[in-house]
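**Student:** The structure under discussion is supplied below as structure tokens; questions concerning it will follow.
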Amino acid sequence: MQWEVVIGLETHTQLQTKSKQFSGASTTYGADPNTQACEVSIALPGVLPVLNKEAVECAIKFGLAIEAEMAPRSVFSRKNYFYPDLPKGYQISQFELPVVGKGKITIQVPATKNTEAYEKVINITRAHLEEDAGKSVHGAVEGMSGIDLNRAGTPLLEIVTEPDMRSAAEAVAYAKKLHELVQWIGICDGNMQEGSFRCDVNVSVRPKGSDKLGTRREIKNLNSFKFMQQAIEYETQWQIETLEDGGTIQQATVLFNPDTGETRAMRSKEEANDYRYFPDPDLLPLEVTEADKARVKALMPELPQALQARLVSEYQLSSYDASTLTASRSQADYFVATVAAGAEPKQAANWVMGALSAKLNAEEKSIVDSPVSAAQLAALLKRIADNTISNNAAKQVFEGLWAGEGEVDAIIEAKGLKQVSDTGAIEAIINEVLAANQAMVDEYKAGKEKAFNALVGQCMKASKGKANPAQVNELLKAKLG
Amino acid sequence: MALNLDDIKRIAHLARIEVSDSEAQETLNKLSGILGLIEQMQAVDTTGITPMSHSQDVTQRLREDVVTQTNQRELFQSIAPATQDGLYLVPKVIE
């Protein structure tokens with residue numbers, strides 16, 4: 001039988017706020033245990049939550065970015081369960097009325113050996129505000145667990161998709177796209193090692209062509225795209241084999257073990273899932289007005305889709321180049337800054353996606369840490385455009401900029417890379433070359449085109465690569481006439 | 001909706017409340033009474049009425065995103081049963 005995998009994602013994004021969702025405690029990562037756990041974070045009796053304005057604005061930004069329906073009034077609910085890192089005995093979340101409703105995100109699924117690249121729209125079911133739990137530390141004291149509540153109450157936006165993805169590749173493409181988007185609009189730092197962006201993946205399989213959903217298992221807390229791919233592939237295969245062997249799938253929460261590449265059931269969901277949600281009487285409904293949306297919209301950067309369209313219409317870039325350049329906000333910003341500093345757009349695009357990108361990858365650097373600034377790259381490209389240096393020489397100047405040898409013109413000067421465009425000087429070189437290579441001249445005159453290229457090569461060599469190749473071509477042709 | 005003693009035990013477990021066998025019957029009667037009351041209310045036609053999430057018709061006040069809390073770990077941990085290296089200690093949690 002042919003099987004189809006059905007995947008939906010729930011992503012917890014930690015919002016970039018200074019203080020917690022419901023209190024004025026700091027959210028800085030990595031502080032000493034419990035030094036950022038105030039009376040609200042540790043749930044002392046009698047404390048009350050007060051909602052963070054910035055967290056609400058982050059939610060509105062996300063809603064605007066995915067063109068979502070937004071509830072004029074949303075409601076906070078208590079999600080009840082007992083665990084030592086949740087001192088209140090409930091998590092404040094949103095249940096029936098989330099702040100962000102239905103929206104959509106277009107993903108680009110890359111080509112593989114057997115398939116072409118394609119785009120797909122993933123429907124977002126909802127996104128709601130909630131608070132993070134604390135952390136349990138095991139093994140410090142025999143028979144005990146240590147609890148650190150610094151993270152308790154950290155603002156999260158949980159983003160939930162429809163079960164729209166049909167392969168691990170689509171799920172990863174979605175996760176990457178979302179990861180870029182939340183950073184682009186500045187609501188999440190995207191740091192996966194520190195847990196700022198965590199994905200839970202719901203996986204089920206069904207006979208191909210069926211429109212009924214199979215029983216799903218939820219893979220919890222994936223914090224790398226590579227693990228996500230592996231976990232989904234393993235889980236899909238496991239479910240198919242279980243069903244083909246005549247077994248059934250039990251709804252469960254599973255964990256992925258990166259060492260073995262396997263998923264393992266954590267707890268059966270039936271009982272754990274009885275969260276007995278009810279509206280939190282400590283919090284009033286959250287109102288988001290049209291005026292709020294307009295105000296937040298004015299604070300937002302141009303969205304990737306809009307910028308992509310503008311790169312095509314304004315700079316005449318191909319849609320492939322535009323899509324590549326807008327794959328991340330930092331790369332897009334770099335490109336726009338390069339063009340703003342006077343570089344020709346198409347050439348800037350080639351350098352950003354080519355030499356710069358290759359060098360960054362080779363040294364595992366992010367573009368924000370690029371040793372060559374956008375202004376420097378623009379200055380370099382201007383020197384190519386005004387014929388001061390050749391493309392080849394430009395590569396050497398780029399290396400010099402990367403190594404911190406100074407500014408563009410200084411490097412050209414120091415390395416003696418200035419292109420010779422003086423007709424007289426080039427003619428002198430050509431005369432020398434012609435005199436020294438009579439055999440080649442004869443071959444050319446006998447009709448051998450190749451000899452011409454060899455002569456150009458000799459001229460370039462004689463000029464130590466500094467002669468303007470176009471001029472050499474032209475003058476040489478005239479001489480040999 | 002009729003409850004039985006197993007439901008009572010399950011609800012008590014979810015809420016981490018200890019209910020002895022002798023208390024269970026009494027709790028069952030009380031909870032059933034509450035459910036009966038809710039059933040009566042459900043007979044009212046509420047078509048077109050937005051569910052109320054709070055008794056007052058006002059909306060949430062928002063707080064500026066400013067860190068206003070200082071570290072009071074020592075004070076808070078002075079009343080904790082067990083702590084070590086700044087951590088609150090609890091009986092071992094096994095996942």
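The values are calculated or read from the model by the stated rules, or taken from the named source; none is laboratory data. Computed from a prediction, not measured in an experiment: that's the story for all the values here. Cβ: placed from backbone, ideal geometry, glycine included. Neighbour counts: every protein chain shown.
**Student:** Any idea which of A:189, A:148 is touching a residue at least 60 places away in the same chain (Cβ under 8 Å), acidic (Asp, Glu) and within 14 Å of chain B (Cβ to nearest Cβ)? Talk me through it step by step, then tell me what you get.
**Tutor:** Values: A:189 fails: within 14 Å of chain B (Cβ to nearest Cβ).
None of the others qualify; the one that does is A:148.
**Student:** Of (1) within 14 Å of chain A (Cβ to nearest Cβ); (2) surrounded by 10 or more Cβ atoms within 10 Å (Cβ to Cβ); (3) more than 25 Å from residue A:154 (Cβ to Cβ), residue B:24 satisfies all except one. Which?
**Tutor:** Of everything listed in (1) within 14 Å of chain A (Cβ to nearest Cβ); (2) surrounded by 10 or more Cβ atoms within 10 Å (Cβ to Cβ); (3) more than 25 Å from residue A:154 (Cβ to Cβ), residue B:24 misses just condition (1).
**Student:** Across segment A:77-109, what is the number of residues that are in a strand (DSSP E or B) and either facing chain B (nearest Cβ under 9 Å) or not hydroxyl-bearing (Ser, Thr, Tyr) (or both)? Steps first, please.
**Tutor:** Going through segment A:77-109, the residues in a strand (DSSP E or B) turn out to be A:77-80, A:90-94, A:100, A:103-109.
Next, only the ones that are either facing chain B (nearest Cβ under 9 Å) or not hydroxyl-bearing (Ser, Thr, Tyr) (or both) stay: A:77-80, A:91-92, A:94, A:100, A:103-105, A:107-109.
Summing the residues that are in a strand (DSSP E or B) and either facing chain B (nearest Cβ under 9 Å) or not hydroxyl-bearing (Ser, Thr, Tyr) (or both) in segment A:77-109 gives 14.
**Student:** Same structure again: With the requirement that a residue be of a type outside the set (Val, Ile, Thr) and more than 7 Å from chain A (Cβ to nearest Cβ), what does segment B:37-55 give you?
**Tutor:** If the condition is that a residue be of a type outside the set (Val, Ile, Thr) and more than 7 Å from chain A (Cβ to nearest Cβ), then B:37, B:39, B:40, B:41, B:42, B:43, B:45, B:48, B:51, B:52, B:55 are the ones that fit.
**Student:** Just checking, which of B:59, B:70 is touching an Asp or Glu at 6+ places or on another chain (Cβ under 7 Å) and either facing chain A (nearest Cβ under 9 Å) or touching a residue at least 24 places away in the same chain (Cβ under 8 Å) (or both)?
**Tutor:** B:59
**Student:** I'd like to check something: does segment A:259-276 contain any residue that is modelled with pLDDT of 95 or more, of a type in the set (Val, Ile, Thr) and outside the structural domain of residue A:339 (by TED's automatic domain parsing)?
**Tutor:** Taking every residue of segment A:259-276 in turn, none turns out to be modelled with pLDDT of 95 or more, of a type in the set (Val, Ile, Thr) and outside the structural domain of residue A:339 (by TED's automatic domain parsing).
**Student:** In the set A:253, A:236, which member is assigned to a helix (DSSP H, G or I), in contact with a strand residue (DSSP E or B) (Cβ under 7 Å, 6 or more places away or on another chain), in contact (Cβ under 8 Å) with a residue 12 or more places away in the chain and in the same structural domain as residue A:60 (by TED's automatic domain parsing)?
**Tutor:** Selected residue: A:236, the only one of A:253, A:236 that is assigned to a helix (DSSP H, G or I), in contact with a strand residue (DSSP E or B) (Cβ under 7 Å, 6 or more places away or on another chain), in contact (Cβ under 8 Å) with a residue 12 or more places away in the chain and in the same structural domain as residue A:60 (by TED's automatic domain parsing).
**Student:** May I ask you to list the residues in segment B:55-71 that are in a loop (DSSP other than H, G, I, E, B) and crowded, with 16+ Cβ neighbours inside 10 Å?
**Tutor:** Of everything in segment B:55-71, those that are in a loop (DSSP other than H, G, I, E, B) and crowded, with 16+ Cβ neighbours inside 10 Å turn out to be B:60, B:65, B:67, B:69, B:71.
**Student:** Taking the condition modelled with pLDDT under 95 and more than 30 Å from the chain's Cα centre (by Cα), does residue A:110 pass?
**Tutor:** It is false that residue A:110 is modelled with pLDDT under 95 and more than 30 Å from the chain's Cα centre (by Cα).
**Student:** Can I ask one more? Taking only segment B:1-32 into account, find how many residues are within 25 Å of residue A:88 (Cβ to Cβ), out of contact with any strand residue (DSSP E or B) (no Cβ under 9 Å at 6 or more places or on another chain) and not in a helix (DSSP H, G or I).
**Tutor:** Of the residues in that region, 4 qualify.
**Student:** A further question follows. So how many residues does segment A:465-481 have that are assigned to a loop (DSSP other than H, G, I, E, B) and in contact (Cβ under 8 Å) with a residue 40 or more places away in the chain?
**Tutor:** Within segment A:465-481, residues that are assigned to a loop (DSSP other than H, G, I, E, B) and in contact (Cβ under 8 Å) with a residue 40 or more places away in the chain number 3.
**Student:** Just give me the residues in segment A:1-59 being more than 13 Å from chain B (Cβ to nearest Cβ) and among the acidic types (Asp, Glu), in sequence order.
**Tutor:** Answer for segment A:1-59, where residues must be more than 13 Å from chain B (Cβ to nearest Cβ) and among the acidic types (Asp, Glu): A:4, A:10.
**Student:** Shifting gears a bit: Pick out the one residue from A:45, A:72, A:33 that is in contact with a strand residue (DSSP E or B) (Cβ under 6 Å, 6 or more places away or on another chain) and not small (Gly, Ala, Ser).
**Tutor:** Just one listed residue meets the conditions, A:33.
**Student:** Within segment B:1-33, how many residues turn out to be under 16 Å from residue A:81 (Cα atoms), without any contact (Cβ under 8 Å) to a residue 12 or more places away in the chain and of a type in the set (Gly, Ala, Ser)?
**Tutor:** The qualifying residues number 1.
**Student:** Could you give every pair whose Cβ atoms fall below 6 Å, whose first residue belongs to segment B:76-95 and is facing chain A (nearest Cβ under 7 Å) and in a strand (DSSP E or B), and whose second residue is surrounded by fewer than 14 Cβ atoms within 10 Å (Cβ to Cβ) and not hydroxyl-bearing (Ser, Thr, Tyr), counting only separations of at least 6 or pairs across chains?
**Tutor:** Short answer, once both residue conditions are applied: B:89/B:82.
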